[in-house]
Amino acid sequence: MKLILPIMLALTLGACTTLEQSNRISTRLVGKEFNSIASRYLDRPTFAAIERMSDKATVLRVKMSMYGSKESNLPFLQGRSAAYVAHIDKFLEWEALAKSRGDALTKDIGRVPAWSNGPSGDLKFVFHSGNAATHFLAISFCAAGTCLDNQTVYFDAASVQELRRLLLALDDGSLGKASVDSVYK
């Protein structure tokens with residue numbers, strides 16, 4: 001029994017993955033968060049970076065500063081972009097249909113595995129209408145049976161297209177190729 005705790009601690013510490021390299025990328029991607037005072041979805045500071053992890057994974061990390069001191073964090077895993085893009089394309093299909101019909105709805109699109117530094121994680125994709133004319137792709141991180149819905153990032157149609165472009169570039173290797181460390185010595 002005395003050996004179980006040290007063994008579990010060693011396994012936990014050994015399983016931790018660290019960030020080896022992070023390169024911020026310039027993008028027009030803008031996340032939104034609902035502002036209850038304005039009663040609208042408002043733009044929030046949104047940043048993207050290509051990260052190389054010690055487990056050799058490459059991640060497109062999208063971070064959005066939320067109201068208060070929270071930050072939303074979406075880790076898109078290289079090699080999964082086809083699945084992410086399929087969910088994005090489903091959103092675009094549903095958006096056109098909802099606009100043509102004047103519908104307002106919230107409906108799950110699906111989940112795709114994401115990079116996680118712990119229990120396996122997923123990104124949850126949801127079609128969400130602000131009203132009959134404005135629709136958002138809502139993405140939140142889920143792990144260990146819990147989704148961080150209070151940290152959901154809402155993307156409008158323009159940002160959905162930009163996210164789609166970034167994900168395709170992530171998988172074809174054209175995103176974040178230049179290392180700033182090799183330039184700024």
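Residues that are in contact (Cβ under 8 Å) with a residue 24 or more places away in the chain, aliphatic (A, V, I, L, M), closer than 17 Å to Ile139 by Cα and in contact with a strand residue (DSSP E or B) (Cβ under 9 Å, 6 or more places away or on another chain): does region 34-42 have at least one?
no
Name every residue in region 21-65 that is open to solvent by less than 50 Å² (accessible area, probe 1.4 Å), out of contact with any helix residue (DSSP H, G or I) (no Cβ under 8 Å at 6 or more places or on another chain) and more than 17 Å from Ala158 (Cβ to Cβ), in order of residue number.
Asn35, Ala38, Ala49, Glu51, Met53, Ser54, Ala57, Val59, Arg61, Ser65
Criterion first (open to solvent by less than 80 Å² (accessible area, probe 1.4 Å) and modelled with pLDDT of 95 or more) does Lys90 satisfy it?
It is true that Lys90 is open to solvent by less than 80 Å² (accessible area, probe 1.4 Å) and modelled with pLDDT of 95 or more.
Would you be able to tell me the number of residues in region 148-174 that are open to solvent by 30 Å² or more (accessible area, probe 1.4 Å) and in contact with a strand residue (DSSP E or B) (Cβ under 7 Å, 6 or more places away or on another chain)?
Selection size over region 148-174: 5.
Between residues in region 73-96 that are farther than 21 Å from His135 by Cβ and residues that are open to solvent by 20 Å² or more (accessible area, probe 1.4 Å) and assigned to a helix (DSSP H, G or I), which pairs lie under 7 Å by C-beta distance while being six or more apart or on different chains?
Hits for this filter: Gln78/Asp171; Gly79/Asp171; Ser81/Leu168; Ser81/Asp171.
State yes or no: is Asp172 at pLDDT below 90 and acidic (Asp, Glu)?
Considered against the rule, which asks whether it is at pLDDT below 90 and acidic (Asp, Glu), Asp172 comes out as yes.
Give just the number: which of (1) under 23 Å from Lys70 (Cβ atoms); (2) open to solvent by 30 Å² or more (accessible area, probe 1.4 Å); (3) hydroxyl-bearing (Ser, Thr, Tyr) does Ser100 not satisfy?
Only one criterion in (1) under 23 Å from Lys70 (Cβ atoms); (2) open to solvent by 30 Å² or more (accessible area, probe 1.4 Å); (3) hydroxyl-bearing (Ser, Thr, Tyr) is unmet by Ser100, namely (1).
Output the strands (runs of 3 or more DSSP E) that fall wholly within region 116-172 and possess 2 or more residues being touching a Ser or Thr at 6+ places or on another chain (Cβ under 6 Å) and aliphatic (A, V, I, L, M), or say none.
Counting at least 2 such residues, we get 135-143.
Out of all the residues in region 66-83, which are open to solvent by less than 40 Å² (accessible area, probe 1.4 Å), closer than 21 Å to Glu33 by Cα and not in a loop (DSSP other than H, G, I, E, B)?
Ser72, Leu74, Pro75, Phe76
For Pro113, are the conditions met, namely being open to solvent by less than 20 Å² (accessible area, probe 1.4 Å), closer than 18 Å to Ser140 by Cα and part of a strand (DSSP E or B)?
The answer is no for Pro113.
When you check Val126 against the structure, is it of a type in the set (Val, Ile, Thr) and within 30 Å of Lys56 (Cβ to Cβ), yes or no?
So Val126 fails the test.
Sort out which residues of region 127-160 are touching a helix residue (DSSP H, G or I) at 6+ places or on another chain (Cβ under 9 Å), closer than 18 Å to Glu93 by Cα and hydrophobic (A, V, I, L, M, F, W, C), and write them in order of number.
Hits for region 127-160 are Phe127, Ala132, Ala133, Phe136, Leu137, Ala138, Ile139, Phe155, Ala157, Val160.
The values are calculated or read from the model by the stated rules, or taken from the named source; none is laboratory data. Keep in mind that what you see is a predicted model, and the values were worked out from it rather than measured. Cβ: placed from backbone, ideal geometry, glycine included. Neighbour counts: every protein chain shown. These area figures cover heavy atoms from the full protein model, side chains too; ligands, DNA and RNA do not enter into them. Shrake-Rupley method; radii C 1.70, N 1.55, O 1.52, S 1.80 Å.
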